[in-house]
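Data block below; observations after.
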Amino acid sequence: MTITDINNPDTWAPLMPPDDQAVAPPPPPPAPAAAASSQRAVKALAIIAVLGVAVSAFMIASLAVFTDSASVNDNTFTTGTVDIATSPTTQAFNPGPMSPGDEVVAAITVTNSGTLPLRYAMNSTTTENVFAGELRLTVRVGVASCTVANWDLSGTEISSVGTLGATTGRQLFGNPAQGAQAGDRALAPSVNEVLCLHVELPITGGNISQGLTTTATFGFEAEQTNNN
């Protein structure tokens with residue numbers, strides 16, 4: 001039996017609560033902040049993984065559709081051609097020795113042998129200037145009869161009377177510069193026209209050209225008319 005001295009605290013017995021009022025144990029200390037953050041990260045990763053699986057499943061489901069395709073084949077592109085041809089190709093004139101007052105004619109057929117519409121110009125270049133300067137050349141188109149007697153009775157004059165040519169060249173009609181120029185002649189593909197050339201040594205000519213020879217080259221320069 002314990003003797004309690006009321007004046008001596010060392011002898012005091014601890015007060016015990018009644019049996020039906022037991023004291024609850026203290027709550028556990030809160031989890032460290034690092035542990036809580038780790039738990040949140042795990043939850044976030046789990047959510048991302050679930051979302052990734054869902055998106056992958058959606059994409060696979062989206063690709064599982066009927067498809068088809070078509071094509072247009074044989075798309076071929078070809079360039080056209082500019083091709084001018086003449087007949088004859090050489091020696092339209094060969095009159096022999098001329099005397100003042102003589103006239104000669106020659107027909108030259110110009111053809112568009114290409115696949116594109118064209119326009120052309122004509123020039124004449126001679127081997128010398130004295131005799132060529134005495135000879136007079138005229139060019140007509142659409143002449144019904146290209147003869148000395150009838151060359152000027154029909155058709156249209158497209159190169160008025162002038163010298164046969166010059167060593168530096170004489171432009172008979174049209175202009176070889178790019179683009180449409182005054183006097184240019186137009187021809188559609190596979191179309192031709194006949195030029196009637198008339199050359200005369202005037203009766204009024206003097207002895208300046210006696211015994212001389214000159215040779216003329218007629219040049220034809222063509223270009224496309226489309227987009228030009």
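The values are calculated or read from the model by the stated rules, or taken from the named source; none is laboratory data. Model, not experiment: these values are computed from the prediction. Virtual Cβ from ideal backbone geometry, glycine too; neighbours counted across all protein chains shown.
Side notes on the structure shown:
- Residue in the stretch 153-164 that is surrounded by the most Cβ atoms within 10 Å (Cβ to Cβ), counting only those that are in contact with a Ser or Thr (Cβ under 9 Å, 6 or more places away or on another chain) and in a loop (DSSP other than H, G, I, E, B): L164
Okay, residues lined up against (1) basic (K, R); (2) out of contact with any Asp or Glu (no Cβ under 8 Å at 6 or more places or on another chain):
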site	(1), (2)
D102	no, no
N112	no, no
R119	yes, no
T125	no, yes
T138	no, no
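- Among (1) small (G, A, S); (2) modelled with pLDDT under 95; (3) within 44 Å of the chain's Cα centre (by Cα) - the single one G96 does not satisfy: (3)
- Within the stretch 100-116, not a single residue is in contact with a Lys or Arg (Cβ under 6 Å, 6 or more places away or on another chain) and in contact (Cβ under 8 Å) with a residue 40 or more places away in the chain.
- Some residue of the stretch 97-109 being closer than 17 Å to H198 by Cα and touching a Pro at 6+ places or on another chain (Cβ under 6 Å): yes
- Only residues that are touching a Gly at 6+ places or on another chain (Cβ under 8 Å) and not in a strand (DSSP E or B) were counted across the stretch 215-225, and they come to 0.
- Some residue of the stretch 165-181 being assigned to a loop (DSSP other than H, G, I, E, B), touching a helix residue (DSSP H, G or I) at 6+ places or on another chain (Cβ under 7 Å) and aliphatic (A, V, I, L, M): no
- Subset of the stretch 188-208 (residues that are outside any loop (DSSP other than H, G, I, E, B) and either among the β-branched types (V, I, T) or within 20 Å of V148 (Cβ to Cβ) (or both)): V194, L195, C196, L197, H198, V199, E200, I208
- Of the residues making up the stretch 189-224, those that are among the aliphatic types (A, V, I, L, M) and surrounded by 11 or more Cβ atoms within 10 Å (Cβ to Cβ) are V191, V194, L195, L197, V199, L201, L212, A216, A222.
This table checks each residue for (1) part of a loop (DSSP other than H, G, I, E, B); (2) modelled with pLDDT under 70.
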{"position": "P29", "(1), (2)": "yes, yes"}
{"position": "A57", "(1), (2)": "no, yes"}
{"position": "T79", "(1), (2)": "yes, no"}
{"position": "I108", "(1), (2)": "no, no"}
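- Among the conditions (1) surrounded by 19 or more Cβ atoms within 10 Å (Cβ to Cβ); (2) in a loop (DSSP other than H, G, I, E, B); (3) not acidic (D, E), G96 misses just one, which is (1).
- Test: residue in the stretch 165-186 that is among the hydroxyl-bearing types (S, T, Y) and either more than 42 Å from the chain's Cα centre (by Cα) or within 30 Å of N226 (Cα to Cα) (or both): no
- Inclusion of S124 among residues that are surrounded by 13 or more Cβ atoms within 10 Å (Cβ to Cβ), among the polar types (S, T, N, Q) and touching a strand residue (DSSP E or B) at 6+ places or on another chain (Cβ under 8 Å) is warranted.
- Checking each residue in the stretch 123-152 for being part of a loop (DSSP other than H, G, I, E, B) and either free of Cβ contacts under 8 Å to residues at least 12 places away in the same chain or within 19 Å of A107 (Cα to Cα) (or both) picks out L135, G142, V143, A144, S145, C146, T147, V148, A149, N150, W151, D152.
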